[in-house]
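Take a look at the structure set out below.
Read-outs: derived from the displayed coordinates by stated rules, not from any lab. As the structure is a prediction and not an experimental result, all values here were calculated from the model. A quick note on method: Cβ atoms are made from the backbone with ideal geometry, for glycine too, and the neighbour counts reach across all protein chains shown.
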Amino acid sequence: MDTIFIFFQHIVPQHLLSRCTGFLAELRQPIWLKNWAIGLFVRHFGVDMNEAEEPDHERYANFNEFFTRPLKEGVRPIADADIVCPADGAISQLGDIREGLCFQAKGKYFSTEELLAGDEARAARFAGGRFATIYLSPRDYHRVHMPVSGRLSATSYIPGKLFSVNGTTADNVDRLFARNERLVCYFETERGPMAMVLVGAMIVAGIETVWSGQVAPPPKHPLVTDYREPPAPVELDKGQEMGRFKLGSTVILLFPKDSMAWDEGYGADSPTRLGESLGSYL
């Protein structure tokens with residue numbers, strides 16, 4: 001079945017399927033169908049609506065509004081830690097960036113340079129550093145928050161494939177995260193640079209940021225935006241929302257050499273919960 005699943009992803013029109021899903025997820029009518037679809041999703045994936053600001057799934061205008069639902073105030077307290085989890089989800093992998101490579105799964109790696117669209121200068125800033133890949137499952141809260149406080153310096157939208165990013169695909173598709181559509185957000189922090197990579201996936205209908213709205217899907221060409229120039233800098237505090245997925249995906253964090261360490265106990269498949277301690281500065 002795994003082989004069939006991977007083969008299907010190679011032959012299906014990934015972008016067309018994802019855009020059609022995005023269209024359907026924005027529909028508000030007929031109301032009964034919208035309510036039925038959201039209710040079915042809640043039951044099938046075991047979504048805990050008691051944590052949502054609006055717990056009644058029928059009160060959401062469309063599926064995307066439900067999927068990007070905010071949480072109740074206080075249900076995700078921000079830990080008194082140097083680095084906190086940016087999202088609910090699970091660790092796919094985390095560890096050291098060795099010879100410019102991040103471990104993906106089962107003997108597979110991807111390079112930071114390819115992940116950052118061939119930007120040698122920026123990739124060099126993370127040489128010998130550390131990475132974490134966090135997968136957001138369908139049942140999770142799908143807003144992404146800052147693991148540390150930082151000032152946005154640039155973003156880079158990179159068009160690409162839209163493979164699924166679940167464990168089966170990570171085990172079987174080479175360089176998965178460096179092939180998929182993604183948005184790289186570069187921040188300057190008190191301890192140096194940090195990159196947050198929001199990775200698209202099959203039937204992910206869009207990636208949004210709090211400073212520019214929907215970023216993907218835009219025109220299908222790379223787009224680099226410099227945020228170091230006036231008029232207004234984008235500065236976000238630790239724990240503050242920075243973006244969201246319309247249908248789930250993956251976040252990759254990059255930190256430079258000798259700047260931080262991940263908390264003990266985290267490894268592949270470890271659950272993450274927004275705001276909990278994830279790492280500390282050295």
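Data for the structure
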{"item": "For G100, residues with placed amide H under 5 Å, excluding near neighbours", "result": "G128"}
{"item": "Sequence-distant residues sharing a close amide H with D263 (under 5 Å, placed H)", "result": "G279, S280"}
{"item": "Mean separation of Cα contacts under 8 Å (6+ apart) over length of the chain, as relative contact order %", "result": "26 percent"}
{"item": "Neighbourhood net charge (13 Å Cβ-Cβ; Lys/Arg +1, Asp/Glu -1) for T272", "result": "-3"}
{"item": "Efficiency of FRET between D171 and E229 - r from beta-carbon atoms, R0 30 angstrom, step 0.05", "result": "0.10"}
{"item": "For K161, residues with placed amide H under 5 Å, excluding near neighbours", "result": "N180, E181"}
{"item": "Radius 15 Å from Cβ of I31, net charge of other residues (Lys, Arg +1; Asp, Glu -1)", "result": "-1"}
{"item": "Gain upon complete extension [E276, D96; 0.36 nm per residue less C-alpha separation]", "result": "62.7 nm"}
{"item": "Potential lengthening between V210 and E190 on full extension [0.36 nm per residue; Cα-Cα distance subtracted]", "result": "5.1 nm"}
{"item": "Kyte-Doolittle at least 0.5, axis length at least 15 Å by Cα - qualifying DSSP helices, the chain", "result": "31-45"}
{"item": "3J(HN,Hα) from dihedral phi, segment 169-182, Karplus parametrisation 6.51/-1.76/1.60, rounded to Hz, x for glycine, proline", "result": "5, 4, 6, 10, 10, 4, 6, 3, 6, 8, 9, 6, 4, 7"}
{"item": "Gyration tensor verdict on segment 83-281 (Cα atoms; rounded if a/c is under 1.5, prolate if a/b is larger than b/c, oblate otherwise)", "result": "rounded"}
{"item": "Positive minus negative residues near M260 (Lys, Arg vs Asp, Glu; Cβ under 12 Å)", "result": "-2"}
{"item": "Segment 271-282 - phi-based ³J(HN,Hα) in whole Hz, Karplus 6.51/-1.76/1.60, Gly and Pro as x", "result": "x, 10, 9, 3, x, 6, 4, 10, x, 9, 6, 8"}
